[in-house]
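K.L.:
If you scroll down you'll find the structure; I have some questions about it.
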Amino acid sequence: MIIRDVEFFGPEPLGTELPDYAGIYLVCTESSGGIRIIGAYGAQDMHRDFPLNQFKDEWSKYEDNNGLFVYWSTDMGNIDVINPKVADIIYTRPYPVTCVKRLEDDW
């Protein structure tokens, strides 16, 4: 699957071990409109960061009775490349991505 010019692998059940490289992972559920992204996260090491995600206890609140699953990107190499892509994925969904920390205006 390709979203916003980023190639993703999956889906796999939530809890699947992710690769130990820098990339983006998406926590998703099914909905009447297809796949719904409830979290998009960048990590320098997805394998290490995924189980420590601050939103992991909230994901199940948004499950649509069809389970939760994860997609992960190809190796993106650098968090400076990853963060703008994560923001792009979050802010271009036609629905709110609920389990993320949104950027806040500082003015």
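K.L.:
Only one of TYR25, TYR95 is within 13 Å of the chain's Cα centre (by Cα) and of a type outside the set (Lys, Arg); which?
P.N.:
So the residue among TYR25, TYR95 that is within 13 Å of the chain's Cα centre (by Cα) and of a type outside the set (Lys, Arg) is TYR25.
K.L.:
Out of VAL86, VAL97, which single residue is in a loop (DSSP other than H, G, I, E, B) and buried (at least 16 other Cβ atoms within 10 Å of the Cβ)?
P.N.:
Numbers: VAL86 fails: in a loop (DSSP other than H, G, I, E, B).
Sole residue among the options that is in a loop (DSSP other than H, G, I, E, B) and buried (at least 16 other Cβ atoms within 10 Å of the Cβ): VAL97.
Let's see how each residue does on (1) at negative phi; (2) surrounded by 14 or more Cβ atoms within 10 Å (Cβ to Cβ); (3) among the hydrophobic types (A, V, I, L, M, F, W, C):
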| residue | (1), (2), (3) |
| --- | --- |
| ASP5 | no, no, no |
| PRO19 | yes, yes, no |
| GLU58 | yes, yes, no |
| GLU63 | yes, yes, no |
| TYR71 | yes, yes, no |
| ASP80 | yes, no, no |
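K.L.:
Can you tell me how many residues within region 21-56 are of a type in the set (Val, Ile, Thr), open to solvent by less than 50 Å² (accessible area, probe 1.4 Å) and touching a Cys at 6+ places or on another chain (Cβ under 6 Å)?
P.N.:
2
The values are calculated or read from the model by the stated rules, or taken from the named source; none is laboratory data. The shown structure was predicted, so the numbers you read here are calculated from the model rather than taken from an experiment. Don't worry about glycine lacking a Cβ; one is built from the backbone with ideal geometry, like all the others, and counts go over all protein chains shown. Please note that ligands, DNA and RNA were not included when accessible areas were found on the heavy atoms of the full protein model with its side chains. Shrake-Rupley method; radii C 1.70, N 1.55, O 1.52, S 1.80 Å.
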